[in-house]
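Since the structure comes first, as structure tokens, the remarks are kept for the end.
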Amino acid sequence: MSLLYPLLLSSALFGIGLYGVLARRNAVLMLLGVELMLNAVNLNLVAFDAWFADQLHTGQVLTLFTIAVAAAEIGLGLAIVLALFRAVRTVDVDEVGR
Amino acid sequence: MNLRNRPRGPWVYVAVTAVLAAVVAAWAVPELREHGWLVFGQSSSGPGAPLPSLSPDLFLFPQAAQIILLAVGIGVLVQIYSTAYLGHHPRYRSYALIIVLFLVAMIAVVGTTNLWVLLVGWEVMGVCSYLLIGHEWQTAEARSGAAKAFLVTRVADLGLVMAIIVIGATYGTYDINGAQAGALQDPKNGTLIGLLVLLAVVGKSAQFPLHSWLPDAMPGPTPITALIHAATMVAAGVYLAARLFPLYADSEVVLTSMAVIAAITMLMGALFALAQTDLKRALAWSTVSQLALMFAAVSVGLAESGLDHLVAHGVFKALLFLGCGCLMHAVGSSSLSAMGGLRRAMPVTFWTMTIGFAALAGVVPTVGFFTKDSVLAAIDFATEVENGPLPNGMAWVLLVVALLTTFVTAAYATRLWLLAFFGPVREARDAHEAPRTMTGPLIVLAVATFALSIGKHLDARIGVISTIVAALGIGAVVALWRRGSALGPAPAPLVSELGLDRPFSRWIPAVVTSLSRLVVDLDRDAVDVYPRGGASLVGLASNGLQMAQSRNVQRYATAIALGVVVLVVIGVVAT
């Protein structure tokens with residue numbers, strides 16, 4: 001299988017995630033954008049791992065590691081959003097910044 | 001006795017001064033016996049010694065020893081007097097200590113052979129006189145008088161600094177004796193040195209045209225006036241002129257200018273003293289006039305008799321000023337219109353001041369008569385001597401002016417005496433004699449006024465002439481007084497002191513003020529443009545940058561993302 005397809009997919013995922021982070025005003029959706037970017041990176045790692053046929057599967061190991069970190073990160077992020085919502089009754093970042 | 005009621009504090013300072021006086025006397029009196037006038041080569045550093053020699057060599061000759069003894073003696077008397085006069089003043093401590101510093105500075109000036117040490121003493125005296133004249137700094141006159149004294153003498157100090165540098169460059173030493181030894185062999189730069197020294201002493205000793213600070217220093221406490229006029233500040237100028245005389249003795253220009261200045265000042269000061277309505281100010285003008293007489297003696301080449309007159313004048317002028325302080329103590333003012341008829345109420349002050357005025361007028365047998373006689377004899381000698389340093393014509397002018405001054409001096413001394421002690425009792429009906437701590441110094445000085453005249457040389461011809469002239473002056477005033485004239489308002493130009501103070505009180509401040517305005521304007525409109533321009537540029541830039549700081553995290557993230565894209569594009573294009 002060509003390396004091109006997974007890379008295209010991961011670029012698309014990354015672009016959508018970036019757009020979500022930059023354009024969305026809802027804090028939860030911004031976090032989701034961050035998740036999309038992380039998973040684009042994971043896809044890259046797995047694709048390159050397969051492409052290089054690495055004996056140690058460094059890419060896959062690193063992907064597992066990233067998933068674990070991402071889970072922790074999203075948990076922390078959602079906790080912050082929850083606290084924010086409790087404090088100001090909104091999750092709109094423009095409203096909060098004001 | 002008054003002393004018991006008084007706190008012990010003030011006497012500490014009297015004791016300090018007395019110890020200083022005793023030390024100085026122990027050192028000066030033997031020197032008085034040993035050395036003659038201007039002994040050369042006693043000091044270790046002759047011509048060619050390494051240049052900045054700051055050795056505190058001390059060296060005395062008789063007149064210098066006399067001046068030092070005079071300074072510390074009057075210093076002790078002034079301290080004793082001040083315990084009663086100012087003992088309860090809240091700033092008495094600093095006052096008394098500055099007097100001690102003043103005396104030490106004077107001793108440094110008179111005792112040293114090193115020009116730089118002399119300069120230090122000279123400047124310290126300037127500061128001390130500033131501080132003491134401005135002792136009552138809550139009054140505006142005291143502040144302005146002090147500032148004026150300081151600034152005018154400062155201008156003159158420039159002359160001394162430059163003179164020292166020129167002397168060092170000319171003779172290769174900063175030692176006075178060394179320079180004098182060099183000048184004896186081969187006098188050089190006499191005119192330049194002489195003119196610079198002249199500038200220094202004219203300012204310090206309040207001679208025309210830098211004379212006006214001395215009468216304006218009258219807001220200072222009266223004992224200080226006595227100290228400045230008699231023993232320290234102004235005496236230093238005459239002393240320096242006499243001490244450095246060998247360095248410019250060959251310069252006709254310097255001696256003629258000095259003679260001209262002396263002639264103008266002596267007559268002017270005497271006439272102004274005649275016109276004053278204030279006793280203290282009249283005495284100040286009298287000091288200006290008497291100092292000019294000493295400079296006249298220096299200019300005809302007999303510095304010795306000038307210094308003799310300095311010592312004599314110091315004694316009787318201190319007596320007069322301290323007596324004036326007693327009168328002010330009794331009357332509450334130094335204005336002559338407040339005095340009158342005080343001879344019964346204040347017998348001690350009356351008799352001692354009578355002796356002082358007699359010495360000022362030059363009445364036999366006070367010391368003032370003998371020393372004035374020797375100055376006049378010196379001038380008279382200069383009118384006849386051939387190839388003297390001073391042109392004979394100038395000496396004649398000086399002699400005539402000096403005799404005129406003798407006449408006017410006798411007249412104003414008599415006038416002041418009559419106005420203060422005779423006539424109807426005016427404001428001071430309850431006037432009483434000053435305490436003994438104040439009259440005691442007066443008695444000591446009155447005795448000294450006679451004692452110092454023992455053994456003085458007398459030129460009989462000049463003595464007779466000056467006695468006649470002085471008698472005419474006294475007689476004229478007494479005659480006017482008898483005829484019932486109140487010796488009142490003098491001609492207006494004399495009262496206003498010919499407007500000679502105007503350059504100092506109006507023009508120079510006006511010029512300085514406008515100059516400083518110009519400087520301020522230049523600073524604000526020309527120099528400040530650059531820093532202010534820089535500041536506004538930075539301000540503009542920060543305004544621009546502020547727009548980027550939107551407090552919107554997503555915009556920052558957008559900028560980061562765009563930046564990454566740009567970097568990648570650049571990277572791709574570059575490879």
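Only the coordinates and a few stated rules stand behind these numbers; no lab work does. Treat the numbers as computed from the prediction; the structure is a model and nothing was measured. Methodologically, a virtual Cβ is constructed for each residue, glycine included, from the backbone with ideal geometry; neighbour enumeration extends over all protein chains shown.
Residue-wise test of (1) part of a helix (DSSP H, G or I); (2) crowded, with 24+ Cβ neighbours inside 10 Å; (3) within 16 Å of the chain's Cα centre (by Cα).
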{"position": "B:Ser286", "(1), (2), (3)": "yes, yes, yes"}
{"position": "B:Met294", "(1), (2), (3)": "yes, yes, yes"}
{"position": "B:Val298", "(1), (2), (3)": "yes, yes, no"}
{"position": "B:Asp308", "(1), (2), (3)": "yes, yes, no"}
{"position": "B:Val311", "(1), (2), (3)": "yes, no, yes"}
Take the residues of region B:518-575 that are among the charged types (D, E, K, R) and away from chain A (no Cβ under 14 Å): which is farthest from A:Ala23 (Cα to Cα)?
B:Asp521
Taking the criterion of being over 20 Å from B:His309 (Cβ atoms) and of a type in the set (Val, Ile, Thr), would at least one residue in region B:196-217 satisfy it?
no
Could you figure out which of (1) over 20 Å from B:Ala561 (Cβ atoms); (2) surrounded by 14 or more Cβ atoms within 10 Å (Cβ to Cβ) isn't true of A:Leu31?
(1)
Can you give me the number of residues within region B:91-143 that are among the hydroxyl-bearing types (Ser, Thr, Tyr), in a helix (DSSP H, G or I) and more than 16 Å from the chain's Cα centre (by Cα)?
3
Restricting the search to region B:246-264, which residues are outside any helix (DSSP H, G or I) and small (Gly, Ala, Ser)?
B:Ala249, B:Ser251
Any residue in region B:397-406 that is part of a helix (DSSP H, G or I), touching a residue at least 24 places away in the same chain (Cβ under 8 Å) and in contact with a Gly (Cβ under 7 Å, 6 or more places away or on another chain)?
yes
Among the residues of region B:341-357, which ones are surrounded by 20 or more Cβ atoms within 10 Å (Cβ to Cβ) and more than 24 Å from the chain's Cα centre (by Cα)?
B:Leu342, B:Met346, B:Thr349, B:Phe350, B:Thr352, B:Ile355
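Results for (1) within 28 Å of B:Gln549 (Cα to Cα); (2) without any contact (Cβ under 8 Å) to a residue 60 or more places away in the chain; (3) among the basic types (Lys, Arg), shown as yes or no for each residue.
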{"site": "A:Ser2", "(1), (2), (3)": "no, yes, no"}
{"site": "A:Ala23", "(1), (2), (3)": "yes, yes, no"}
{"site": "A:Asn26", "(1), (2), (3)": "yes, no, no"}
{"site": "A:Met37", "(1), (2), (3)": "yes, yes, no"}
{"site": "A:Val46", "(1), (2), (3)": "no, yes, no"}
{"site": "A:Leu56", "(1), (2), (3)": "no, yes, no"}
Just a yes or no: is a residue in region B:134-145 of a type in the set (Lys, Arg) and either farther than 29 Å from B:Val16 by Cα or surrounded by 20 or more Cβ atoms within 10 Å (Cβ to Cβ) (or both)?
no
